[in-house]
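Undergrad: Input: one structure, supplied below.
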Amino acid sequence: MNIAVLSDIHGNFSALKAVLDDPDFQSCQRVIFCGDAVGYYFESELVLDFLIQANAVGVLGNHDRELLNCITGGGTVTQEYSLKYGSGLQTSIARLGDRHIKWLSTLPESRIENVEDLRILISHGSPIIKDGYLYPDCSEAQKSEIFDLGFDLVMMGHSHHQFLFEKLGQKILNPGSVGQSRSKGGVAHWAVIKIENFGIGAFLKESAYDSSPLINELQNHLDLPKFLTEVLRRIR
């Protein structure tokens, strides 16, 4: 079985489309989603249409949670959030339908999946600290805490950085961000899990896309943080 692992799409459907067109994605039978369909950019409804149609196995990201909290609280994003992240979330609230909200509201904070007797833990941030960030240069102690949980594979997103750590057959994977890679603009980062003979192979992937239409759209929003554009232009 081949499984596509996606995270942190953040309303960037152009980036997601590049992943969907990748032959390695098309060889996958399942999709696992590590959270944050919304936030930052403006096509969350298309992102969620895909995740729902694909019957993705997902968890709730911090931006997804913020959207649900805003809807429960009257549908207005806080000024603090908008100043930090821009107007993408407010756009999502205006555009998303009931089925999108219903699907997001069913997502757990974390989940355990059993695939061919392999135990897999899925979370958005670190499974040790809610919404905690884990980076490629994290300490051996941080890795050990997660390996000690006893799972064959732990998957997470949140930091927007790809990594794969391995120890005695166990794996810790961050597929990186589809919609907003923090290491390189114009690429969607994701991963493929191959499960066969009761073993797990993990492969980090990147799919190039043209970010210029999104950059042009962002320039029409003068109130947006400059970071939202700069990160799309970043050269590794």
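What follows is calculated from the coordinates using simple rules that are stated; it is not laboratory data. What you see is a predicted model, and the numbers here were worked out from it, not measured in a lab. Positions of Cβ are generated from backbone atoms using ideal geometry, with glycine treated the same way; all protein chains shown enter the neighbour counts.
Undergrad: If the chain between residue 182 and residue 197 were fully stretched, how many nm would it gain, using 0.36 nm times the residue separation less the Cα-Cα distance?
TA: 1.9 nm
Undergrad: Let me ask something additional. Calculate, for residue 83 and residue 220, the FRET efficiency according to 1/(1 + (r/R0)^6) with r their C-beta to C-beta distance and R0 22 Å; round to the nearest 0.05.
TA: 0.75
Undergrad: While we're looking at this one, here's another question. I want to check the label-to-label distance for residue 62 and residue 235. Put each point 7 Å from Cα in the C-beta direction and report it in nm to one decimal.
TA: 3.1
Undergrad: Taking θ = phi - 60°, what integer Hz values does the Karplus form 6.51 cos²θ - 1.76 cosθ + 1.60 yield along the range 120-128, in sequence order, with x for Gly and Pro?
TA: Each residue of the range 120-128 in turn: 10, 10, 10, 9, 8, x, 4, x, 8 Hz.
Undergrad: How many percent of DSSP beta bridges within the range 2-233 run antiparallel, rounded to 5?
TA: 70
Undergrad: Rounded if a/c is under 1.5, else prolate if a/b beats b/c, else oblate: with a ≥ b ≥ c from the C-alpha gyration tensor eigenvalues square-rooted, which is the range 86-146?
TA: oblate
Undergrad: Points 7 angstrom from Cα along the Cβ direction at residue 227 and residue 101: gap in nanometres?
TA: Placing both labels 7 Å along Cα→Cβ, they lie 2.8 nm apart.
Undergrad: Which order do the peptides 162-174, 184-196 come out in when sorted by mean C-beta neighbours inside 10 angstrom, highest first?
TA: Top of the packing list down: 184-196, 162-174.
Undergrad: A follow-up question, please. Along the Cα→Cβ direction, 7 angstrom out, place labels at residue 117 and residue 26. What is the inter-label distance in nm?
TA: Reported label-point gap for residue 117 and residue 26 is 3.5 nm.
Undergrad: Below 24 Å Cα-Cα, how many Lys pairs turn up in the chain? Only count pairs eight or more apart in sequence, or on different chains, if you could.
TA: Pairs that pass both the separation and distance tests number 22.
Undergrad: Rounded to the nearest 5, what % of DSSP beta bridges with both residues in the range 1-138 are antiparallel?
TA: 55
Undergrad: To continue, here is another question. Taking θ as phi - 60°, what are the ³J(HN,Hα) couplings along the range 180-185 by the Karplus curve (6.51, -1.76, 1.60), each to the nearest whole Hz, with x for Gly and Pro?
TA: Each residue of the range 180-185 in turn: 7, 4, 8, 9, 7, x Hz.
Undergrad: R0 = 22 Å: FRET efficiency of residue 69 with residue 133, Cβ-based, nearest 0.05?
TA: Efficiency, rounded to the nearest 0.05: 0.60.
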